[in-house]
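Remarks on the structure that follows.
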Amino acid sequence: SLISLWAHLQPEIVFDETVAEKGLDGYRALIMADCDVLTESVAAKVKQFQAAGGIVIGDERLAPAIKPDIVLTAYERTGKAKEDKAALMALAAELREKLDASYRPYVDTTNRDVIPYLRRYKDTDYVFVVNDHREYGDYVGHHGRVMENGLPSEATVAVRRPAGFVYDLLGRMPMNAREQNGHLLADIALGPCDGGLYMITGRPIAKVAISGPESIERGKSGKCLIGVLDVAGKPIDAVVPVEVTIRTSAGDTAEFSGYYGAADGQVEIPLDVAINDPIGVWQIEARELASGRTAVHNVRVPGPSPWPPKAKPMSGDAANPVQPRG
């Protein structure tokens, strides 16, 4: 699994039972390490996968019933972390070189220590990266078996799409990206033991809009709709993280404040006003966490009518400054 991670292949573990029951539809390549014994049903599924164009990668221990398309030599670890990592990374580079003629990953980085992982929603890509650059520290590093100290890394992330708009979801800001040979490229810098999450959309985020009621009476409820929109005012085809803060007229944070995912660029937020909540103007603030844009909507919670209540008549002694005799 480490070889496939450092080869940036985004591996997924499949078990014998899964292969036997569901086959290998949807996969492009199958790595069979230490598979010297296979059940007949699993071997049949693997042959079916290979006949349909799937790539089988095996080592010299692979069961003779399966003829691999790519052979990688099995590596026995020595217990020396630095040397073992270098050897496994070399095998990862060899694997990528042998795969390049028939398969290239959709997302890649220029640094083997920066490991990518892709998720997708419609036309929007979400690229996760983990910085695995490490060195020996003084906790267990003196044993030479574990490199426990993280180191910073720099890399260029490459996504196989000709265009898009890239947003740093942890930094909450847009990123500079460039197109090159059918790929979208973005430069990143990660701290020790750091990671990143980048959203790539087909249309840029232009603004945030909130629509909702102008007033809600005490003891009643309402809803407001938050939209993350493009320049034409249409919702973005993405799940955009949004931070919502609902403030009462007293400045307190109200229920349903928090973080939401605006699926297809929209999210509906409930507004519940209790019978004893403060009257006045409440404020709903929405901040989308891709470009950092915000919007504010005001809602009035009216008091009893009339307000202020009609004053009661004052007694004749109410304004008398003379103290009564005691």
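Given N residues in region 214-326, what is Rg(Cα) / (2.2 N^0.38 Å)?
Numbers: Rg = 21.8 Å, N = 113, 2.2 N^0.38 = 13.3 Å.
Expressed relative to 2.2 N^0.38 Å, the Cα Rg reads 1.64.
Taking max minus min of the alpha-carbon positions on each principal axis, region 138-277 gives extents of 66, 45, 19 Å, largest first. Taking every protein chain into account, the 1.4 Å probe leaves Asp138 with about 140 Å² of accessible area, to the nearest ten.
Helix-only mean residue ellipticity at 222 nm, the chain, DSSP H runs n ≥ 4 weighted -39,500 (n - 2.57), per residue, nearest 500. What is it? Spell out each step's value before the answer.
Details: 4 runs with 43 residues, N = 326.
The per-residue figure over the chain is -4000 deg cm²/dmol.
Placing unit charges on each Cβ (+1 for Lys and Arg, -1 for Asp and Glu) gives region 163-309 a dipole about its Cα centre, and among Val166, Val242, Gly222 the Cα reaching farthest toward its positive end belongs to Gly222.
Calculate how many DSSP beta bridges within the chain are antiparallel, expressed in % of all such bridges and rounded to the nearest 5. Here the share of antiparallel DSSP bridges comes out near 90 percent. Summing Cβ point charges (Lys, Arg +1; Asp, Glu -1) relative to the Cα centre of region 199-326 gives a dipole of roughly 480 debye. Take the chain, connect every pair of alpha-carbon atoms lying under 10 Å apart with a spring to form a Gaussian network, then pick out the residue of Tyr103, Tyr139, Tyr198 with the largest mean-square fluctuation. Its mean-square fluctuation being the largest, the pick is Tyr139. In the chain, if the dipole is taken from +1 on Lys/Arg beta carbons and -1 on Asp/Glu beta carbons about the Cα centre, which of Trp6, Ser41, Gly265 is farthest to the positive end? It is Gly265.
Normalising the Debye intensity of region 269-319 to I(0), with uniform scatterers on Cα atoms only, and taking log10 at q = 0.18, 0.25 Å⁻¹ returns -0.77, -1.01. The loop-placed chymotrypsin sites (Phe, Trp or Tyr not before Pro) in region 203-280, going by DSSP, that have at most 16 neighbouring Cβ atoms within 10 Å of their Cβ come out as Phe256.
Each 20 Å bin from zero holds the following percent of Cα-Cα pairs in the chain: 23, 38, 25, 9, 4, 1.
Only protein heavy atoms count here; on that basis, with a 1.4 Å probe, Met314 has an accessible area of about 150 Å².
What's the magnitude of the charge dipole for the chain around its Cα centre, counting Lys and Arg as +1 and Asp and Glu as -1 at the beta-carbon? Answer in Debye, nearest 20.
1180 debye
Checking the Cα-Cα distances for Lys47/Lys80; Lys45/Lys98; Lys122/Lys223 against a 29 Å cut-off, the pairs over it are Lys47/Lys80.
At 1.4 Å probe size, put Arg203, Arg104 in order of accessible surface, largest to smallest. The partial results should precede the final answer.
Details: Arg203 70, Arg104 145 Å².
Result, largest first: Arg104, Arg203.
The equivalent ellipsoid of region 1-116 has semi-axes of 25, 17, 12 Å, largest first, where each one is the square root of 5 times an eigenvalue of the Cα gyration tensor. Residues in region 280-290 carry Karplus couplings, in order, of x, 8, 8, 10, 10, 10, 10, 10, 7, 9, 9 Hz; the curve used is 6.51 cos²θ - 1.76 cosθ + 1.60 with θ = phi - 60°, and Gly or Pro positions show x. Net charge of the neighbourhood of Pro192, taken over other residues with C-beta under 10 Å away and scored Lys/Arg +1, Asp/Glu -1, is -1.
Using heavy atoms of the protein chains and a probe of 1.4 Å, the accessible area assigned to Glu243 is about 50 Å². Taken one residue at a time, the phi angles of region 146-153 give Karplus couplings (6.51, -1.76, 1.60, θ = phi - 60°) of 9, 9, 9, 9, x, 10, x, 9 Hz. Gly and Pro are set to x. Computed with the Debye formula from one identical point scatterer per Cα of region 125-169, without solvent, the log10 of I(q)/I(0) at q = 0.23, 0.29, 0.33 Å⁻¹ comes to -0.85, -1.09, -1.21. Per-residue Karplus couplings for region 101-107, computed as 6.51 cos²θ - 1.76 cosθ + 1.60 with θ equal to phi - 60°, are listed in order as 5, 10, 8, 10, x, 5, 10 Hz, Gly and Pro entered as x.
Tell me the volume per residue, in Å³, of the convex hull enclosing the alpha carbons of region 67-141. All intermediate terms of the calculation are to be shown ahead of the outcome.
Numbers: hull volume 10.6 nm³, N = 75.
Residue-normalised Cα hull volume stands at 141 Å³.
Counting other Cβ atoms within 10 Å, which GluC sites (Glu not before Pro) in region 1-77 have at most 15 and lie in a DSSP loop?
Values: sites: Glu12, Glu17, Glu21, Glu40, Glu60, Glu76; in loops: Glu12, Glu60, Glu76.
Filter output for region 1-77: Glu12, Glu60, Glu76.
Taking the charge dipole of the chain about its Cα centre, with +1 at Lys and Arg Cβ atoms and -1 at Asp and Glu Cβ atoms, the residue from Val231, Ile279, Thr109 reaching farthest to the positive side is Ile279. Once a ≥ b ≥ c are taken as the square roots of the eigenvalues of the Cα gyration tensor of region 40-172, is the result rounded (a/c under 1.5), prolate (a/b larger than b/c) or oblate (a/b not larger than b/c)? Judged from the Cα gyration tensor, region 40-172 comes out oblate (a/c at least 1.5, b/c at or above a/b).
Measure nothing fancy, just the Cα-based angle from helix 40-51's long axis to the longest principal axis of the chain, in degrees from 0 to 90, nearest 10. Once rounded, one gets 90 degrees.
Against the longest principal axis of the chain, how steep is helix 81-99, in degrees 0 to 90 to the nearest 10, with axes from Cα atoms? Approximately 80 degrees, to the nearest 10.
Kirkwood Rh and Cα-based Rg: tell me the resulting Rg over Rh for region 155-217, rounded to two decimals. Kindly include the intermediate steps, with their values, before the conclusion.
On the way: Rg = 16.4 Å, Rh = 13.9 Å.
On the Cα set of region 155-217, Rg over Rh gives 1.19.
A simple count of charges around Leu99, restricted to other residues whose Cβ falls under 15 Å of its Cβ and scoring Lys, Arg +1 and Asp, Glu -1, yields +1. Report the residue, chosen from Lys80, Lys234, Lys310, that carries the largest GNM mean-square fluctuation when the chain is represented by alpha-carbon nodes joined by springs under 10 Å. Its mean-square fluctuation being the largest, the pick is Lys310.
The values are calculated or read from the model by the stated rules, or taken from the named source; none is laboratory data. Bear in mind the structure is a predicted one, so any value in this text is a computation, not a measurement. Don't worry about glycine lacking a Cβ; one is built from the backbone with ideal geometry, like all the others, and counts go over all protein chains shown. Ligands, DNA and RNA are excluded from the accessible area calculation, which covers all protein heavy atoms including side chains. Shrake-Rupley method; radii C 1.70, N 1.55, O 1.52, S 1.80 Å.
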